[in-house]
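Trainee: This structure is in structure tokens; I'll ask about it shortly.
The values are calculated or read from the model by the stated rules, or taken from the named source; none is laboratory data. A quick note: this is a predicted structure, and the numbers were derived from the prediction, not measured. Every residue, glycine as well, gets a Cβ built from its backbone with ideal geometry; the counts of neighbours run over all protein chains shown. These area figures cover heavy atoms from the full protein model, side chains too; ligands, DNA and RNA do not enter into them. Shrake-Rupley method; radii C 1.70, N 1.55, O 1.52, S 1.80 Å.
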Amino acid sequence: MRDDGPRWNERYATTTRVEPRAPEAVERWPETTSLLPSSGRCLDLASGPGAVTLWLAQRGLDVVALDVSTVAVDLLESAARATGVADRVDARTIDLDDGLPGDLQDLDLVVCQRFRDPALYPVMIDRLRRGGLAIVTVLSDVGSTDPGPFHAPAGELATAFGADERCTILHHDETAGLCHLVARRH
């Protein structure tokens, strides 16, 4: 949506502090922490002000964070400097409706938290190197008290990632209005 930038800028305008935070699927399945690389290249799609980006950079990953909000990107850059990981964070203002930048290939990890674009699911897999992980959480109709147009229908992530012969689903869960997925490219 072409008006996303101003809407998200307004939403993040009152954010004053960004704390590092693991991806939601890692919080859901703590044992997945051992699957995550401690070095390499990572993509954080729709990163917002970068809580997950900071957490990943603190683990030793070089993270490219993409978000449509200039306010979110500024917050992330400031937080990266404050937490000592600015050299590991490349924050970019990008409208994901235009697709992903071409320089993002052979990634060790792709994270996408609460941004849903089914057209990007195969692209996430394309951009992973063999052995790379995708960690995705989207809003879901399953168990939602107020499903809307940004909620995935039941089974969307499992179908998209499970049907792709290049990857294996390691974890999947749909409950309480959220769908979490962890998949590995082989």
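Trainee: I'd like the full set of residues that are farther than 22 Å from residue 13 by Cβ, in contact with an Asp or Glu (Cβ under 9 Å, 6 or more places away or on another chain) and in contact (Cβ under 8 Å) with a residue 12 or more places away in the chain, limited to segment 73-96. Walk me through how you get there before you give the answer.
Mentor: Step one: of segment 73-96, the residues farther than 22 Å from residue 13 by Cβ are 84-88, 90.
Going one step further and asking which of them are in contact with an Asp or Glu (Cβ under 9 Å, 6 or more places away or on another chain), we end up with 86-88, 90.
Across segment 73-96, the qualifying residues are 88, 90.
Trainee: Just to be sure before I move on: is residue 140 of a type in the set (Gly, Ala, Ser), open to solvent by less than 50 Å² (accessible area, probe 1.4 Å) and over 16 Å from the mean Cα position of the chain (by Cα) in the structure I sent?
Mentor: no
Trainee: Then there is this: Within segment 15-38, can you find the residues that are among the aliphatic types (A, V, I, L, M) and not in a loop (DSSP other than H, G, I, E, B)? So that I can check it myself, show each step before the final result.
Mentor: Of all residues in segment 15-38, those among the aliphatic types (A, V, I, L, M) come to 18, 22, 25-26, 35-36.
25, 26, 35, listed by residue number.
Trainee: Okay, next question. Could you list, in sequence order, all residues of segment 105-124 that are surrounded by fewer than 19 Cβ atoms within 10 Å (Cβ to Cβ) and either touching a residue at least 40 places away in the same chain (Cβ under 8 Å) or of a type in the set (Lys, Arg) (or both)? Step through it out loud before you land on a result.
Mentor: If we filter segment 105-124 for residues that are surrounded by fewer than 19 Cβ atoms within 10 Å (Cβ to Cβ), which is where we start, we get 105-106, 114, 117-119, 122-123.
Selection gives 106, 114, 118, 122.
Trainee: With the requirement that a residue be in contact with a Pro (Cβ under 7 Å, 6 or more places away or on another chain) and farther than 15 Å from residue 132 by Cα, what does segment 31-66 give you? Before the answer, list the steps.
Mentor: The initial filter retains those residues of segment 31-66 that are in contact with a Pro (Cβ under 7 Å, 6 or more places away or on another chain), namely 51-52, 54-55, 58, 61.
Once the filter is applied, which keeps residues that are in contact with a Pro (Cβ under 7 Å, 6 or more places away or on another chain) and farther than 15 Å from residue 132 by Cα, segment 31-66 yields 51, 52, 54, 55, 58.
Trainee: Tally up the residues in segment 1-41 that are within 22 Å of residue 117 (Cα to Cα), surrounded by 13 or more Cβ atoms within 10 Å (Cβ to Cβ) and not basic (Lys, Arg), please.
Mentor: 11
Trainee: Quickly run through segment 85-110 and pick out the residues that are more than 15 Å from the chain's Cα centre (by Cα), more than 24 Å from residue 185 (Cα to Cα) and part of a loop (DSSP other than H, G, I, E, B).
Mentor: 85
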